Every structure is written in C-alpha cells, then in structure tokens.
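For reference, the structure is listed below as structure tokens.
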C-alpha cells in the first residue's frame, strides 16, 4: 500500500466520527408565525435578531424559521390556538385578539396604568406574568410576555380636547382600549392591525390606536394627517404581547437546546422586544413630522380630564375580574407599584 493511500485511509478514519452526530447533537427547527409583514419593525428589530441569537448560542442547532403575514394560514385571533394545538411551534400574538380570554394580563392595558416607555412595560408585564397570571396561559409555554410603549391616536381630524373624540370611529387593539374609547365618547371598532388600511380606505374607521412603531408597516401616515400623544406617564393605553410556544414541542427539546431557549426567554427576551418599540418610536415620529402631518401632545390638565372620564373602565374591570376569581384590585395595585418602581428615573 502506498504512503499516499495509507495517509488517505488515516484521514478518512479520523474524519468518520464527525460524520455521525451523537443524539445529544440533535438539530431542531422551530416555525414562528405572526401577522405583520416582514418590513415591520417588530419582525426586523426583534423577531429576527432574537432568532439569530438563539441560533448563534446553540451553534446553529436550534433554528427559528419565521413566517410573517400569516403565511401559514389563519387569522390573528387564531394564532394562540395554533401554538396550543401544534399547528406551528411558536407564535407572536396579542392576548387582546381574543377579548376576555386572558383577563389578568389586561391589567397593563387599562387606561392610564402603563408607562410611556416599552422598556418599563415589558419588565412589568413579564414580572406580573411570573407572579400572577402564568396559569392563564397554561395551555402553552410562554417564552416571554411584554407590552409596548405609549399608544398614539392617529385620526383624520384634529384631537386636542375630550370633546374632539365625540363619534370618532377608531380602531382599538384590546378590550380595555375599546372601553376607554367608548368612555371618551368615541365609536370604537375592534380589528387586528393588518385590517386597518382597508378599513380606512372604505370609511369603516376614521383612525386607529397604534404605537408609533407600527405606523410605517401599514402606511398609516399616508391615510391620516393628525396624531395625538398623551404627555408623560402613565400613558393612555398599551397592548400586551406574548411569544407562545407549543408545550409538547418545548418539553421535547433536548436539554442543551432547552437551556439556550430558556436563556433567551423571560426578562431577557422582554427587554430585547422592548427595544423594537423604544428605539423606533422617535425616528417614526420624526418621519411623520417631516411629511407635514400634525402631532399634538395633550397637556397635563387635559390628560387629567381623560383620566377621570375613563376611571369607570378600571372600576368595571376590577369588578368583573372578581367575578372570575381574579383579585383585580390587588393585581392593579401591584401593576402600578411595579410601573413606579421600574419607571423611576426613566425619561
């Protein structure tokens, strides 16, 4: 046997073990489904970086394949059940898409409870999930729960005072935001955010409640000319979100891959998600301003009127949660304390 032949056999023998991956080196691909387009900020600035981080930390053994714009079928209100039933592995969705199903997480969505910064609301929502309402999501494995920054009113007419809300048909994202709009004299219309452009073009709505971050994804700045912000904190409304995973799929992960996912869950993921809102809000607002659209910030005395007008929404939520064996009063007190704690020193 020639020296060259012996060297080739030796190299082949050394390389052979690398061709057989041990069971512990299993590779897994998870399908993540959501409703916004791939150009949306949450897709580009949270879901994609989060998936890339999971892949890198697992040495590319745990990959997350993202399907935006409901590419795998269904409608936004069906996303949570898609994860529960194993139709997909993970979903990004709003609990508010199924009103009343998850009553405890609504505490952060009540009028004038949340902070204006997503970084604060994300920490509060995740902590409340861990402390109080994880059981409501027991049919899935919640990777993280969070809420966005200050909600903004985008409308075809100027809103400077409470009286300007009268009869205005506004899209709302959550049950509590809808009740708050009704208390302010508006005509609330519930719908998932992808339906907003068509509803605006057909005259079904006069505007929408969304944070700044969402505006470019649905080109809302081209459909309205007026945008009303609430000065300071607490803000008028927020919406909560979850990354929910099929429970059996999570529990079936190899231990080492589960550790990678766990390291990118909870507060770590909530903090990462919050940046997609906090970092993008100012550039979007500036883009809207450059278009010549009008941006109004309600002064403190006007905000106080809105708070008084929406207090019955909070009172009703406390009463109805008690009927469902949820101590809404204690949960509200805890939420406000956490917002104050985590919001201390946050501009």
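The values are calculated or read from the model by the stated rules, or taken from the named source; none is laboratory data. Quick caveat, the model's predicted, so the values are computed rather than measured. With ideal geometry, Cβ positions are generated from the backbone for all residues, glycine too; neighbour counts draw on all protein chains shown.
Structure notes:
- Total residues in segment 33-72, condition more than 13 Å from residue 243 (Cα to Cα), touching a strand residue (DSSP E or B) at 6+ places or on another chain (Cβ under 9 Å) and either exposed (fewer than 15 other Cβ atoms within 10 Å of the Cβ) or in contact (Cβ under 8 Å) with a residue 24 or more places away in the chain (or both): 14
- Matching option when the condition is under 27 Å from residue 326 (Cα atoms) and within 18 Å of the chain's Cα centre (by Cα), among 81, 89, 85: 81
- Those residues of segment 24-52 which are in a loop (DSSP other than H, G, I, E, B) and over 13 Å from residue 69 (Cβ atoms), in sequence order: 26, 27
- Condition met for residue 196 (at pLDDT 95 or above, part of a loop (DSSP other than H, G, I, E, B) and not assigned by TED's automatic domain parsing to the domain that holds residue 64): no
- Pick from segment 117-135, criterion under 17 Å from the mean Cα position of the chain (by Cα) and at pLDDT below 95, ranking: farthest from residue 330 (Cα to Cα): 134
- Close Cβ contacts (under 6 Å, 6 or more residues apart or on different chains) running from residues in segment 300-318 that are farther than 10 Å from residue 328 by Cβ to residues that are at pLDDT below 95 and surrounded by 15 or more Cβ atoms within 10 Å (Cβ to Cβ) comprise 303/230.
- For segment 325-347, filtered to residues that are touching a helix residue (DSSP H, G or I) at 6+ places or on another chain (Cβ under 7 Å) and part of a loop (DSSP other than H, G, I, E, B), the residue that is surrounded by the fewest Cβ atoms within 10 Å (Cβ to Cβ) is 346.
- Filter result for residue 251 (loosely packed, with under 15 Cβ neighbours inside 10 Å, touching a residue at least 12 places away in the same chain (Cβ under 8 Å), touching a strand residue (DSSP E or B) at 6+ places or on another chain (Cβ under 8 Å) and more than 30 Å from residue 151 (Cβ to Cβ)): yes
- Some residue of segment 156-175 being within 20 Å of the chain's Cα centre (by Cα), assigned by TED's automatic domain parsing to the domain that holds residue 220, more than 24 Å from residue 202 (Cα to Cα) and at pLDDT 95 or above: no
- Qualifying helices (runs of 4 or more DSSP H) (wholly inside segment 243-297; at least 1 residues being under 23 Å from the mean Cα position of the chain (by Cα) and more than 21 Å from residue 93 (Cα to Cα)): 255-263, 266-290
Residue-by-condition table, conditions (1) part of a loop (DSSP other than H, G, I, E, B); (2) touching a helix residue (DSSP H, G or I) at 6+ places or on another chain (Cβ under 6 Å):
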| residue | (1), (2) |
| --- | --- |
| 102 | yes, yes |
| 115 | yes, yes |
| 136 | no, yes |
| 142 | no, no |
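- Selection status of residue 97, at pLDDT below 95 and under 14 Å from the mean Cα position of the chain (by Cα): yes
- In segment 229-244, the residues that are within 22 Å of residue 111 (Cβ to Cβ) and surrounded by 21 or more Cβ atoms within 10 Å (Cβ to Cβ): 230, 234, 235, 236, 237, 238, 239, 240, 241, 242
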